[in-house]
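Throughout, read-outs are computed from the coordinates displayed, never taken from laboratory work. As the structure is a prediction and not an experimental result, all values here were calculated from the model.
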């Protein structure tokens, strides 16, 4: 008991320090988003003028809309390709080149983004010279690039879930006359649905946050939100960036609370079913 109390106290102190290290800078950013001064570090009174300036900034609004569209389409395509890759890695038996294929699928996880962005840039340049497409690098090339590296993350998440599935359920469905495609949609897909959602959210976040790869494969007039923010910060931090970051923190917090509420409600329903069946 004498050793347990100091250990518990030490763990509590480290937990508090870790939370302060993570969230105090965010709190300071939120506070200074309501600063009336143009100088980010000088408090000149409470004001919401920078939120109005933010919603009147056409460049930032256009970048937000483009980033959201690219992230949505990249995450959706990454789920499709990543799920197929996960099935190849987990459900197919040994075949020549399987190890090399699995390595190539997961290579973007450890590949530096500079290398990935440069290789994709060279690919698009060569394709434009040979086939004439893409004539201009923009939203389509960013979408392809983001799908390329996001698919690896989805494949890892879905493959981990597929390895945990009891295949006897699928085999029983097929023994009862269910075709393979119907078995996938009616049996396998509902089981791996949480992994698909998790992979989609991860891919959406990675695409929305990417700066390096998008900088390589984008062209004039195709600026994502991280590119616009980075360009703005290089010339001096604008209070509008603080306002934008505050809105992003608010959106993420609301999404997290909603997910927590749904999980808590589902867990409560599951407990009620267990009590009723017991």
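Computed quantities for the displayed model
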| read-out | value |
| --- | --- |
| Calculated P(r) of region 78-151 - Cα pairs past 20 Å, % | 43 |
| Region 206-278: proportion of alpha-carbon pairs further apart than 14 angstrom, % | 74 |
| All Cα pairs of region 202-241, percent lying beyond 12 Å | 61 |
| D_trans [Stokes-Einstein, Kirkwood Rh over alpha-carbon pairs] for region 4-59, 10 °C, 1.306 mPa s, µm² s⁻¹ | 114 |
| Computed P(r) (all Cα pairs; region 117-176; 10 Å bins; percent) | 19, 29, 18, 16, 16, 2 |
| 222 nm mean residue ellipticity, helices alone, for the chain (DSSP H n ≥ 4; -39,500 (n - 2.57); rounded to 500) | -26000 deg cm²/dmol |
| Rh by Kirkwood over Cα pairs, then Stokes-Einstein D for region 1-126 at 1.567 mPa s and 4 °C, µm²/s | 62 |
| Rg and Dmax of region 62-239, Cα atoms only, in Å | 19.1, 67 |
